[in-house]
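A.B. asks: Take a look at the following structure, please.
The values are calculated or read from the model by the stated rules, or taken from the named source; none is laboratory data. Please read all numbers here as calculations on a predicted model, not as lab measurements. Every residue, glycine as well, gets a Cβ built from its backbone with ideal geometry; the counts of neighbours run over all protein chains shown. SASA here: full protein model, heavy atoms, side chains in, ligands and nucleic acids out. Shrake-Rupley method; radii C 1.70, N 1.55, O 1.52, S 1.80 Å.
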Amino acid sequence: TGEYAWKIPLGEYPELAAQGLKNTGSDNYGGPIVTAGGLLFIGATNYDKKFRAFDKSTGELLWETMLPFSGNATPITYEVNGRQYVAIAAGGGKDPKSKSGGVYVAFALGK
């Protein structure tokens with residue numbers, strides 16, 4: 001239908017969050033993936049360096065973690081021996097105040 005199911009400001013500026021101004025949104029570079037189980041994973045936030053999982057139907061934040069560098073990339077998902085993983089390249093490079101690097105970070109889903 002072209003109608004939005006949900007939308008949120010993605011990311012925040014750490015300097016503003018420290019002043020109590022949260023959920024401001026920030027520059028985003030990278031896209032999301034959605035799993036068959038209904039999880040939407042996205043890094044993309046340039047300044048807060050977080051990797052997040054949302055419920056694809058409601059937009060509820062289910063999980064987040066800090067990455068060593070900004071995850072300015074689209075994540076991938078894969079399976080090994082029946083276990084599903086999600087991974088993202090974290091390299092930064094868009095924020096002149098932060099260091100850049102180059103790592104892949106992977107997380108196992110479920111038990």
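A.B. asks: Can you tell which of A17, A5, A73, A106 is in a loop (DSSP other than H, G, I, E, B) and open to solvent by less than 80 Å² (accessible area, probe 1.4 Å)?
C.D. replies: None of the other options fit; the residue is A73.
A.B. asks: Something else: Identify the single condition in (1) more than 12 Å from the chain's Cα centre (by Cα); (2) over 17 Å from G102 (Cα atoms) that P68 does not satisfy, given that it satisfies every other one.
C.D. replies: The number of the failed condition is (2).
A.B. asks: Assess whether A36 counts as being surrounded by 13 or more Cβ atoms within 10 Å (Cβ to Cβ) and of a type in the set (A, V, I, L, M).
C.D. replies: Taking the combined requirement at face value, the residue does not satisfy it.
A.B. asks: Give the residues of segment 36-49 that are modelled with pLDDT of 95 or more, more than 18 Å from Y4 (Cβ to Cβ) and in a strand (DSSP E or B), sorted by residue number.
C.D. replies: L39, F41
A.B. asks: Let me spell it out: the conditions are (1) hydroxyl-bearing (S, T, Y); (2) buried (at least 20 other Cβ atoms within 10 Å of the Cβ); (3) touching a strand residue (DSSP E or B) at 6+ places or on another chain (Cβ under 7 Å), and Y47 meets all of them except one. Which number is the exception?
C.D. replies: (3)
A.B. asks: Continuing with the same structure: Could you check segment 12-35 and list, in sequence order, the residues that are modelled with pLDDT under 95, closer than 27 Å to Y78 by Cα and out of contact with any Pro (no Cβ under 9 Å at 6 or more places or on another chain)?
C.D. replies: N28, Y29
A.B. asks: If I ask for residues that are open to solvent by 70 Å² or more (accessible area, probe 1.4 Å) and closer than 16 Å to G59 by Cα, which ones from segment 20-31 would you list?
C.D. replies: Answer for segment 20-31, where residues must be open to solvent by 70 Å² or more (accessible area, probe 1.4 Å) and closer than 16 Å to G59 by Cα: just N23.
A.B. asks: Name the residues in segment 1-55 that are of a type in the set (K, R), farther than 18 Å from G91 by Cα and in contact (Cβ under 8 Å) with a residue 40 or more places away in the chain, would you?
C.D. replies: K7
A.B. asks: Out of segment 58-70, which residues are over 16 Å from S26 (Cβ atoms) and either open to solvent by less than 80 Å² (accessible area, probe 1.4 Å) or outside any loop (DSSP other than H, G, I, E, B) (or both)?
C.D. replies: G59, L62, W63, T65, P68
A.B. asks: Sticking with this one: Restricting to segment 20-35, and then to whatever is of a type in the set (A, V, I, L, M) and in a strand (DSSP E or B), can you tell me which residue is farthest from the chain's Cα centre (by Cα)?
C.D. replies: V34
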